1. What order, most packed first, do the peptides B:66-75, A:87-96 have when packing is the mean number of other Cβ atoms within 10 Å of each residue?
2. Percent relative contact order of segment A:448-504, based on C-alpha pairs within less than 8 angstrom and at least six residues apart?
3. Can you run phi through the Karplus equation (6.51, -1.76, 1.60; θ = phi - 60°) for segment A:337-343 and list ³J(HN,Hα) in whole Hz, with x for Gly and Pro?
4. Taking 0.36 nm per intervening residue step and subtracting the Cα-Cα distance, what contour gain separates A:Glu449 from A:Asp105 on full extension?
5. Please compute the average number of Cβ atoms from other chains found within 10 Å of each residue's Cβ in peptide B:333-339.
6. In square nanometres, what is one fourth of the surface area of the convex hull spanned by the alpha carbons of the protein assembly as shown?
7. Among B:411-421, B:348-358, B:158-168, what's the highest-first ranking by average C-beta atoms within 10 angstrom per residue?
8. Partner chain Cβ atoms within 10 Å, averaged over the residues of A:109-120 - can you pull that number for me?
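Any read-out appearing in this document is the output of simple, stated calculations on the displayed coordinates, not a laboratory observation. Computed from a predicted structure; not experimentally measured. Positions of Cβ are backbone-derived with ideal geometry, glycine not excepted, and every protein chain shown enters the neighbour counts.
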Amino acid sequence: MSETRSETRSETLVDFDDVLTRYEPVIGLETHVELGTESKMFCGCSTTFGAEPNTQTCPVCLGLPGSLPVANAAAVESTIRIGLALGCRIAPWSRFARKNYFYPDIPKGFQTSQYDEPLCTAGHLDVEVDGETYRVEIERVHLEEDTGKNLHVGGATGRIHGADHSLVDFNRAGIPLVEIVTRPVPGAGAKAPEVARAYVTELREIIQTLGASDVRMEQGSLRCDVNTSLAPVGSLEWGTRTETKNVNSLRSVERAVRYEMRRQAAVLDAGGRVLQETRHFHEDTGSTSPGRSKEEATDYRYFPEPDLVPLAPDAEWVEKLAAGLPELPAARRTRLREEWGLSVTEMTWLVNAGALGLVEQTVAAGASPADARKWWLGELARRANDAGVELAELAVTPAQVAELTVLVAEGTVNDKLARQVLDGVLAGEGDPRSVVQARGLAVLGESDELGAAVDAAIAGAPDVVAKVQAGKVQALGALVGAVMKATRGQADAATVRRMLEERVL
Amino acid sequence: MSDLTALNVVELQQALSSGETTSVEVTRAHLDRIAAEDGTLGAYLHVDGEAALRRAAEVDASGAAGTGLAGIPVALKDVFVTEGVPTTSGSRILEGWRPPYSATVAQRLADAGTVLLGKTNMDEFAMGSSTENSAYRPTRNPWDHDRIPGGSSGGSSAAVAGRLAPVALGTDTGGSIRQPAAVTGLVGHKPTYGSVSRYGLIAFSSSLDQAGPMARTVLDAALVHEVIGGHDPRDSTSIDAPVPTVVEAARRGAGGDLAGLRVGVVRELGGDGAREGYDAGVLERVAEAVALLEGAGAEVREVSCPSFGLALPAYYLIAPSEASSNLARFEGMRFGLRVGDDGSRDIDEVMALTREQGFGPEVKRRIILGTYALSAGYYDAYYGQAQKVRTLINRDFLAAFDDVDVLVSPTSPTVAWPIGARVDDPLAMYAADLCTLPASLAGVPAISVPCGLSEGLPVGLQVMAPALADDRCYRVAAAVEAALGAPLTDRLGERAA
């Protein structure tokens, strides 16, 4: 959508390592996840992304007078499952509340959310950074509705200030939104930016595993607000925090924390006071700028939503949901690591490369774990890197990769040919076996064709043959080379050598 | 055929099913009367005669007229949204809005084959007890044109009492069906909270609003109640239970036998030590009605509900609080009025100007009151405390219903007052709800049934019952009606003649 630009004014920043000599960071994260339910939170409208503006609306999500909400049971279930996956306590009785404020993208003049009676409380998520585990405490997981989307037309920033006029798309209004709020996370020190990123990464993976959302940050189905504060080393009190919004990628989460630490340190160093404010993150420069300070003055006048009955999830049902949770990412990683005999570091590489699922699927399709890893972290990683895409975006499926490893193992192709087969697969020429056929890439067996090539090589280099026969066996290499060249690499070197030996020695 | 507008619903059913008349004739008779009288009465905000006659002709053609409510004209308080039909809730801020959908109760009435005559006047957003807070026009009481018809459903009460409609729907948040029914000589019932759908009812106070019938007889009210009641999946607060057998109860009560029924007279509502602000004539008529109940075999005793005295302050915190939030959607962006959008003002200014010009003084007063009561730091002292009072009132009801089957009181402490008498005194206006508020806060059903005249003006008896026991209200009301003879509104007709 709108391109955000950093303001021209540049902030004074303290060198990152320098920050840590004087200050301790405390971070906190508020993550919003749009649930992947068929219909909206309080009405039957579709939630499909990308439809024509205002085509997925009805009296309820437009907030027309007289309309009333009805809670989406599937969304409640998803929220409880997320809570369970984060080790939360599921409230036996919970209520929706109205958060009252005026903004054009909230049609009712209030957002239906939860306040002091959320569905899930008191959980945690352990994340690993450089082999060390950090526990992130989860304060609450609650359910609410998304707002509409404003499009500010005119003006340089794409934001409301300076815009000529604004358009509102209510397709998004009322889509179920789960908010996951951490408690403040102290003690991460220099790793704070990475812990923040690791937390969002892990959370994203959990929600993906649960199938609760497609968690696509670029489409906004996972959105993150990052809180950062600094306190002098040894201080018992935490500093004033800022809340950075518009953090739309995992990398940005890390950068936002890093930037705020450096900026706040400069403010504090200069004897200033960090303002409690909302700040906007700018992808292009990796910097933050102040948002509207007006938001701080808002009194949301929360009160229990009288149009909805309390949520009172039955204990038995909650137990059933807990029992039905899929294997969570951390457990899965441990299991696979053991099954595949990897070290912790090797596993971390695999995860960081985004290759875990791909390798797992490749293994499931018949490859050995070692082969699968070798391909995804080697040749395929190189191709993805060259093309500037994610591994998962390559036009090759784990099943095709598995087939490729099988072709190599059974000797149909050698490594070099296999790379050519991959070219064919990536070019959309079909599965590896079809590419081998179509391109004629199979290794030549002990065929007449190969025999002829071997004979030709012998006939073409009597001097070499003489050397070999005189006992200088290593000279045979030249003949192997000649055969390989003649067959354009399509022969198996060991086979060629054996055939040469049979004929010459 | 005699004047069709003089017939009640049951009589119209007979006339229609026997073929004596048609829905078109009945509808035209009412439209003619509206044309003749409504210039004075001001009961309606919107009438579409052509549409009504078209609809009536359809019902006649279908052969259904006279079956149930088919072919019977009805009026709806303008708080109910009606697809394609202007709906204002009595406010300028919704002027010109034609909703794209219909309220569940409006749909149920339409499905039953009723003919919509029009939308009736009301206090703006149902905030008021006199209909003087309508942004469009005052409504006059058919019994005395210089007096108020009650409120906020005063358009509906005036229409039905004045024979501009056989029946109408009203809504009751703190008494807005019962009090106008009482002061115009009608039967008005506020059902158990959650037993009639609120979907499509423009919200004033969500935890209190209930739609209900207003009619000239108890049985007419019951017939309408039966059609609009029952679970609605679009309203989460709607109770998934069968509609109480109100029609049967009304018929049974008309037999006049209340043997074994225990009736509690609420001391705090006009009894010993609580008579200040009550008209002597009102208390006399109510006492006579209680005596009639006793004569019908009921066991009468006095019951004390000490928390009822707190109902008024609690109500005037809860209702404005919810209203301040419910009315936030009227910001001039998507429907109704928009003021000041000339390209020079930003959205906050346009919203403010729209609300400034679109809302009347009483609505603004309550928005401000509610906004304050919900503010950080005040919530516990006001909204939170009021909710506790609500619990206390509920307990009083539960305790009382351990001993008695129904509770009775005056519906309104006074008869209809002169137009303008209380407009500058909001507290005096609020006091009109004194007797009706407890049942609203507890969500229990309550009916107002005429019990005679005082100074030539109607007096209502209120009958309250436990939640979901709406049938008891109808039974007792029907017994009172039977004991008094003809419906009170018949006297209005005689007087006019």
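1. Details: B:66-75: 25.2, A:87-96: 18.5.
Ranked from most to least packed, the peptides come out as B:66-75, A:87-96.
2. Working: 45 pairs, mean separation 23.1, N = 57.
Here the relative contact order equals 41 percent.
3. Using θ = phi - 60°, the values come out as 4, 5, 4, 8, x, 9, 7 Hz.
4. Numbers: separation 344, 0.36 × 344 = 123.84 nm, distance 7.36 nm.
So the extension gain works out to 116.5 nm.
5. Working: counts 4, 7, 4, 1, 0, 0, 0.
Going residue by residue through B:333-339 and averaging, the value is 2.
6. Numbers: hull surface 217.6 nm².
That works out to 54.4 nm², a quarter of the Cα hull's surface.
7. Values: B:411-421: 21.7, B:348-358: 17.5, B:158-168: 30.3.
So the order, starting with the most tightly packed, is B:158-168, B:411-421, B:348-358.
8. Details: counts 9, 5, 0, 0, 0, 0, 0, 0, 0, 0, 0, 0.
Neighbouring Cβ atoms belonging to other protein chains average 1 per residue here.
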